[in-house]
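J.: The structure that follows is given in the form of structure tokens.
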Amino acid sequence: MTKPFFSQFTNLYPIQKTLRRELKPLNENFQHDPALTALRNSEIPQRDQQREKDYQAIKPLLDELHNQFITESLQSLETQDRSDFVLFYQTYQKKKKNKAD
């Protein structure tokens, strides 16, 4: 019986079948990466923090505008068009209730 063609390419290296995530302590002679140190010392983290503060400050206004837009859009629909949304919502609620049970 002849060997399969790809047999010379298989089982050449050990394969690690599990992923290992572990923290390994660094020795005393470890040199910090200068690029990482430069990034920490740059203005990027401070600008990100300021951006987060600004977003949290304006989020209520954006939520109110979004809510107003949705309300106006739904109110502009004709009565017969709304019935489709009501039917859809009722169906959604029934499925949600059945799924919870």
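The values are calculated or read from the model by the stated rules, or taken from the named source; none is laboratory data. Here the structure is a predicted model, which is why all the values come from computation and not from measurement. Every residue, glycine among them, receives a Cβ derived from its backbone with ideal geometry; neighbour counts consider all protein chains shown.
J.: Given the criterion at pLDDT below 90 and of a type in the set (D, E, K, R), identify the matching residue among 82, 51.
T.: None of the others qualify; the one that does is 82.
J.: Residues of region 7-20 being at negative phi and under 41 Å from the mean Cα position of the chain (by Cα), which ones?
T.: Passing the criteria: 9, 10, 12, 13, 14, 15, 16, 17, 18, 19, 20.
J.: Ok, one more. Enumerate the pairs (first residue in region 63-90 and part of a helix (DSSP H, G or I) and surrounded by 10 or more Cβ atoms within 10 Å (Cβ to Cβ); second residue anywhere and modelled with pLDDT under 90 and aromatic (Phe, Trp, Tyr)) with beta-carbon separation below 9 Å, excluding pairs fewer than 6 apart on the same chain, so at least 6 apart or on different chains.
T.: Qualifying pairs under 9 Å: 74/85.
J.: Looking for something in a helix (DSSP H, G or I) and modelled with pLDDT of 80 or more - is there at least one such residue anywhere in region 12-28?
T.: The answer is no, given that none of the residues of region 12-28 is in a helix (DSSP H, G or I) and modelled with pLDDT of 80 or more.
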